Amino acid sequence: MLLTKREEQLLKAFQDFGKLSINNISDILKVSRRTVYRTLADLTESLNQMDIGIIKEGNHYLLTGELENLGEFTSQTVFSRNERLNLIAFKLLTAEAEVTNEELQETFAVSNVTIIQDISDIEKRFSDFDLQLIRRKGYSIDPNSTTLRRVLAVLMTNNIPVSDFWQYDYSSFKADNEDYLKRATLIFQAHQSILPDIDAKMSQFFIILLALTGYGAIPESVSPVVSKVSLDFAKSVYAELSEKNGLFYPIQEILYYAAVLDELVIKRQETPLFHENFDSEFFYNVSNLIDKVALYTKINFAKDRTLFKFLFNHIRLSLAIPIIFEDSANATIRHSALNHSEYLHRVVTLLVREIFPVYLQSETEYELITLHFASSLRRSPDIYPITILLLSDERPLTCELLITRLKTIAPFVETVKVKAMSSFTEQDRKNYDSILSTQLTSLQDVKMISVYPDGKELLQLQEYLQDVQAKRDVKIPQDIDLKPSYNFQNYLTASQALLSEFSFKQIDNLPQFSETVRMIVKELVHVTDKDYLAKKLLKHFEISPLAIPETHLALLHTYSSKIERSCFLVFELKQPVKALSMNHQEEEISRILVMLTRLHESAEVRDLMTAISQSIIENHLYTEIYKTGNKDIIYQLLNQIFTEKIKKLEN
């Protein structure tokens, strides 16, 4: 006797549990009460043929009769709704004749009502791809549709796992000749080195699209192929495919394949400047999504530099191989991952509908894209940070270790300040997003944690901190040590002043270092007492020699009331001189760098002069530029150093 999968599942539940209520059966089968009664009736009818019945005792049902006959039952293949939709769609796209309702009922062992509902859903989804379902005596797709081939390739790519595909296992999704797919796989792989690196799923899609050459029709006006790479690749694979299949492929087919390759791969590279052309609309749409989500959530997602890259690659693949029919099996995982992100999910959903094509629109896509934004919140303290007060009397090293673990499980924690329990004040509640304590306390709203939390406690703590972040209010600290505020206009003015004073000169110097220094000072402007300044520079150099080993550079620096304007200068010597280096060895000097700071100089100028000195001593690449660069190159280097310094202060 043949049972449906659902009947077999119910029968096994009776054998495992004995008695079952309607609610029990509904939970086990994951169906409505109405479907439960229908399944019970169907199973009763099947069991009666073997002298087995189902009786009701109170609110429960149980089996009765000749139970030893149960071993004679077998089950038939039953498909999930998602599997059924994909297989029906595949049958419609590949059938040479009309597919009838009765044929589908028999194949999938479902009712007429179910097939009608499935066809309605398929028709609606096909319309997103400009694919029309024809209804006459049965169902069919116009074989001359210009989107049929691409939708079929997407459907097959979605339903054949990558691992199975490379093993030539196509399961129920074998369009036309299976040998064509195998040949297309080998040919594509043989020429793939011409293309940029692409995802394995994308490779699978283009192999299937290649094997489906001739399915449906191609657009009369194929998009112009801009990329030479895509055209060369298409010509190469079709030449070999024609030879292996013994078929002639018209030029329109080659151009169509190259155009799709150009559209989905070549024009959508992460570094478009090195390609002949790029899809500027796609780049703009991804950045526009980030900007608008940031605008409506008031969270600066642009600070997360990796978010664009993740969204770029995800949406590029989704646009190329969109999900045709959603699988509800993964919904629970996604929904739990989106905990505390309901508003973010609503914003992303509305914006994706506004920005991207209709065929990308699905709940799965909305949730996956939302997850990218939600993970951005968890990834960096720059996006949506929280501050924590840790009440502890433990040793500093112990507290530092605990703080490190906190920031590991919750990177969005910006600062953790440690205070002794005795120093706690009510003002602290207003200053921090969360207060933790390593010791028992009667204080309300203070979470107790272990000094050395184990894995289980860390997971609980991670969930707690994520909840704090999701529900945080912006705190205005009263007694926390705030970072100093900087007047960036003053920094910009100071940088422009130093750049305007910069000069690069060559001097015909004398052979002694001291004599060369005096000659350099004579070249200086805005110095009121040059003899005094030369002596001061030489004395300073004698105490702290700053000839940089193995660079042929020496640095002279001082601050003095005799200097009217702070400046940085470079002097190239016509003849090298000997000077004591930082490691107290003699160094041959061919360039001397001069840093002069006037007395009572502004903090901004002093800060930028410090940045120059650090670049000379600490950065080997910059040192090389000081050593060999001309005036314009060193000027640009200084500009870059000042810009980097100001950006660091800004952050």
Rounded if a/c under 1.5, otherwise prolate or oblate - the stretch 280-379, Cα gyration tensor axes | oblate
Could you tell me whether the chain comes out rounded, prolate or oblate from its Cα gyration tensor? Rule is a ≥ b ≥ c as square roots of the eigenvalues, rounded for a/c under 1.5, then prolate if a/b exceeds b/c, otherwise oblate.
-> oblate
How big is the charge dipole of the chain about its Cα centre, in debye rounded to the nearest 20, if each Lys and Arg gets +1 on its Cβ and each Asp and Glu gets -1 on its Cβ?
-> 2040 debye
From the Cα gyration tensor of the stretch 578-644, with a ≥ b ≥ c the square roots of its eigenvalues, which class applies: rounded if a/c is under 1.5, or else prolate if a/b is larger than b/c, or else oblate?
-> oblate
Label model pair GLU281, HIS191: point-to-point distance (7 angstrom along the Cα→beta-carbon line) in nm is 2.7 nm
Restricting things to alpha carbons, tell me how big the stretch 386-470 is in terms of Rg and Dmax, in Å.
-> 11.8, 33
Please give the FRET efficiency for SER561 paired with ASN639, using the beta carbon to beta carbon distance and R0 = 22 Å, rounded to the nearest 0.05.
-> 0.15
How far, in nm, would the chain grow between SER423 and ASN48 when pulled straight, counting 0.36 nm per residue and subtracting the alpha carbon separation?
-> 127.1 nm
Could you put ARG305, ARG316, ARG38, ARG598 in order, starting from the residue whose Cβ has the fewest other Cβ atoms within 10 Å?
-> ARG305, ARG38, ARG598, ARG316
Where trypsin sites (Lys or Arg not before Pro) fall in DSSP loop in the stretch 374-447, at most 14 other Cβ within 10 Å | none
Find how much the distance from GLN105 to GLU624 grows on full extension, using 0.36 nm per residue of separation minus their present alpha carbon separation; answer in nm with one decimal.
-> 179.1 nm
What nm distance separates the two modelled labels at ILE251 and ARG378, each placed 7 Å from Cα along Cα→Cβ?
-> 5.5 nm
Given a Förster distance of 45 angstrom, what is the FRET efficiency for ARG38 paired with SER450, based on the Cβ-Cβ distance and rounded to 0.05?
-> 0.25
Roughly what percent of Cα-Cα pairs across the stretch 488-650 reach past 27 Å?
-> 19 percent
Computed FRET efficiency, Cβ-Cβ of GLN614 and LEU440, R0 41 Å: what is it to the nearest 0.05?
-> 0.30
Beyond 26 Å (Cα-Cα) in this structure, taken from LYS30/LYS56; LYS30/LYS91; LYS417/LYS447; LYS505/LYS536; LYS309/LYS648, we find LYS30/LYS91
Extension gain, THR493 back to GLU178 (0.36 nm per residue minus Cα-Cα distance, nm) | 106.3 nm
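Any read-out appearing in this document is the output of simple, stated calculations on the displayed coordinates, not a laboratory observation. Since the model is a prediction, treat every value here as computed from it, not as a measurement. Using ideal geometry, Cβ is built from the backbone for each residue, glycine included, and neighbour counts are taken over all protein chains shown.
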